Structures are given as C-alpha cells and as structure tokens.
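The values are calculated or read from the model by the stated rules, or taken from the named source; none is laboratory data. What you are looking at is a predicted structure, and each value in this text was computed from that prediction instead of being measured. Every residue, glycine as well, gets a Cβ built from its backbone with ideal geometry; the counts of neighbours run over all protein chains shown.
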Amino acid sequence: MRIGIVGGGQLGRMFIQNALNYGHEIVTLDPDPEAPCSLISHEFICADRNDEEAVYQMGKTCDVVTIEIENVSVPALKRLEAEGVKVFPQPRILEMVKDKGVQKRFYEEHGLPTAPFALVESKEQIRQHLDLLPVMQKMRVGGYDGKGVTPIKTEADIPSGFDAPSVLEQWVDYALELAVLVARNENGEVTSFPVVEQVFNAEANLVDYLVSPARIKPEVEAEARALAEKLIAEIDMVGLLAVELFLTRDGRVLINEIAPRPHNSGHHTIEACYVSQFDVHMRSILNWPLGDTSLRTPAAMINLLGEKGFSGPVVYQGMDEAIATSGVYPHVYGKALTKPFRKMGHVTVVGSSSEEALEKAKRVKEGIKVIA
Ligand SMILES: Nc1ncnc2c1ncn2[C@@H]1O[C@H](COP(=O)(O)OP(=O)(O)O)[C@@H](O)[C@H]1O
Ligand SMILES: [Mg+2]
C-alpha cells in the first residue's frame, strides 16, 4: 500500500518505522525540510500542511491518507475523500476535534460524561459566567501542550485570561489524569489499550512520565475503556483515537479531550504490548484485524525534553548508563535542534510492576540531559 501522512513529526516517524515492517510505501508532507520523517519516508514533500493544493496532490498518489497532527488542510482531505481516496481519520473528525467548543458540545449532546462548561467569544464575556468559577479557560482553536489553557480561579484572574473564543470548563478536582487509546476499523471492529496513568510537569505543562497499567481499581479501568470505545463508535471514526480522561476524587471518569491520532501517552505500547499504537493505527486505516492490545509487561515512559537554558544542535548527555540498563529503550526523534521543553525523544522502561518500571524510569530521567 502507498500511505500518505500529512505531518512529518515524531508520531509520523514511529508510524513509518512500524509500517516498513509490512512493506508499505510512505509519502510524507511537512514544511520543515529536516522533519523527523524526512529521512525515512520513501518520498518527502516539503510544503505547508495547510497548503490545500499540495496536500491534495500528495493524496491523489496514495491508497490511504492519514495525519499525525490535527492542524492540516481539511478542504484538501475533503476533496480527496469525495474523489474516493481513503482518508482516516475522516476530515469531519478533524474539523470537530480542532475546536474544543465543538468537542465539548458533542460530549454533551451524546450524554458522554465531561465537566460542565460555557462558551465565550471574548475575555469580557467571562464576567457573564461567574457562577461557573473556578474554571480552566481553553482557547477553542490552536492550543496544544498546555499552551492554550489558563486557570481563572476568581474574578481577579479575568484580566489575565485569553481574549479569544474559548471554553470555560469548570475546574476538575482530579485524583489522576488517565488516557485510553482506542481504535476502530471500517468493519466497525473496536479495540482499546489498557489504561495509562499520566503525570504532568506543572512548569512545562507536558507529561512528565506515564505508566501502564494505571494504578486504579479494575472497575475504573473497565469504565474508562468502555467510555473510549463508546466514544469512537458514536463519532463513527476510523483510525486511532487518544482519549484524555480525568478520574475525579469522588471516583467519576470524565472526558477531557481527544486526539484522533497516535499520541504521546501510547509510546510505551511499542515495547509493552503485543501490537503498538502505531501498528493498530495502521491496521485500522487499512481495515485489517486490529490485533492484541494487551500488555506483555508493565512499563513507564518519560519524555526527553530539551533542557531549560539550552538552544541549538542537540547533545544527549548521560545515555551510556541508560542503554546499559536492562529493559530501557531510548527513542531519539532525529530533530537537529533542541530548545527548552521541545520533545526530542522518549525512553520506555519495562519492569515487573508499574512501581518498579516507574522507579527505574525516574533514575533514567535523572541521568539524561538534552542539551546543546
Ligand atoms: N477543567 C480542568 N480542571 C483542572 N485542570 C484541567 C482542566 N482542564 C485541563 N486541565 C489541566 O490542563 C492540562 C491541559 O489541558 P488540555 O485541555 O488537555 O489542553 P492541551 O490541548 O494543552 O493538552 C490538562 O492535562 C490538565 O492537567
Ligand atoms: Mg491535553
């Protein structure tokens, strides 16, 4: 099969690494000539992901087109779909997910549990919803990795809010942040991965480490997976979907947001599961059997983020000890330049339990520095 990927980052790169095992031919499109996918694609097209003509022309040469980032030309994907090219996730899913307001409305209309919210057009309009405070204000479009969210705890915080169309989401008093990766093929077959527990770095607003199996009760595990499976069927999506969830202190599972693609919270599946998230994404868009998503071993994952205070050609310091340790799997994304908090790679660590994997992952994290 010839598979086209819009976007050339690390998610695309790991998708390609797996797809090569099956003999597929891959074409990637990204504006960065040194994008992580550029050196390992059969063909690389250097163009803006929102360049309708470029995305359309690439798609016309493919059997299937997919994405590895949501910010792409939806009009191009719609034209391709109308002309019979398989495009997964479907362009209408990208349209919905791009806008957090539309996402939230969808959950509400379909009776899917999510925190109460209101939509506003401007900062000034927050004053009409004082009863909802404290809230997290989320820009409806364009936010990622914590960059489009800001807390509005009291009226005094309103001046520091975003003056843009946004979602005011009631503050969730969560015990844990969880993620479920779920996939569906054209036949309607659905599968999900064991729940992942995420821990955030407050300063960088990125996942610090994650671990699977999550340290939650079996009923919560079952509820989270059932919710993700219901969601993908209700939105009638084909492909892999990452569902970010909150487990509240009083034991409820709420949907935070979704991403219709492989996700940072599924990297451990490469070593820890019978099929990885990248394999399952490929299987789902080709309408193949989805495979066995169960864990072969507990695992933890850490992101390798660019160290604060360093920008320039990247150096990975302290890898020697990590690669000498049993059950430690580094992944370097092939980005030439580092900058503070840029995602430069990740390390998966397997162990006999979540705790053991996590302890080992913490030691690995302390030993590695991504500097320039
Ligand atoms: N309603 C909320 N209450 C408390 N914390 C929240 C809420 N919404 C988001 N957060 C925190 O902010 C993080 C980023 O928000 P999210 O909506 O996932 O945006 P992003 O697109 O940046 O990932 C979440 O992972 C969570 O830690
Ligand atoms: Mg998020």
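Here are the numbers:
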read-out	value
Top-ranked residue in the range 294-305 [being touching a helix residue (DSSP H, G or I) at 6+ places or on another chain (Cβ under 9 Å) and not in a strand (DSSP E or B); ranked as surrounded by the most Cβ atoms within 10 Å (Cβ to Cβ)]	Pro298
Checklist (1) within 16 Å of ligand 1 (Cβ to nearest atom); (2) closer than 21 Å to Val182 by Cα applied to Asn303, failing item	(2)
Unique match (being closer than 23 Å to Asp145 by Cα and part of a helix (DSSP H, G or I)) among Lys308, Lys360, Lys365	Lys365
Residues located in the range 75-132, provided they are within 20 Å of the chain's Cα centre (by Cα) and of a type in the set (D, E, K, R)	Arg92, Glu95, Lys98, Asp99, Lys100, Lys104
Selection status of Val180, closer than 23 Å to Arg261 by Cα, assigned by TED's automatic domain parsing to the domain that holds Ala224, surrounded by 15 or more Cβ atoms within 10 Å (Cβ to Cβ) and in contact with a helix residue (DSSP H, G or I) (Cβ under 6 Å, 6 or more places away or on another chain)	yes
Residue ID - farthest from ligand 2 (Cβ to nearest atom), chosen from residues in the range 147-169 that are within 25 Å of Arg249 (Cβ to Cβ) and crowded, with 16+ Cβ neighbours inside 10 Å	Asp157
Hits in the range 10-39 - residues which are surrounded by fewer than 17 Cβ atoms within 10 Å (Cβ to Cβ) and of a type in the set (A, V, I, L, M)	Leu20, Leu39
Leu11 vs. criteria assigned to a helix (DSSP H, G or I) and under 21 Å from the mean Cα position of the chain (by Cα)	yes
Qualifying residue in the range 307-328 (condition: in contact with a His (Cβ under 7 Å, 6 or more places away or on another chain) and in contact (Cβ under 8 Å) with a residue 60 or more places away in the chain)	no
Residues of the range 246-305 classified as of a type in the set (Gly, Ala, Ser), within 22 Å of Pro330 (Cβ to Cβ) and touching a Lys or Arg at 6+ places or on another chain (Cβ under 9 Å), total	2
Unique residue being touching a residue at least 24 places away in the same chain (Cβ under 8 Å), out of contact with any helix residue (DSSP H, G or I) (no Cβ under 9 Å at 6 or more places or on another chain), hydroxyl-bearing (Ser, Thr, Tyr) and within 16 Å of ligand 2 (Cβ to nearest atom) when the list is Tyr107, Tyr174	Tyr174
Selection within the range 51-97 - of a type in the set (Ser, Thr, Tyr) and under 16 Å from Arg2 (Cα atoms)	Tyr56, Thr61, Thr66
Total residues in the range 230-274, condition of a type in the set (Gly, Ala, Ser), within 13 Å of ligand 2 (Cβ to nearest atom) and surrounded by 22 or more Cβ atoms within 10 Å (Cβ to Cβ)	2
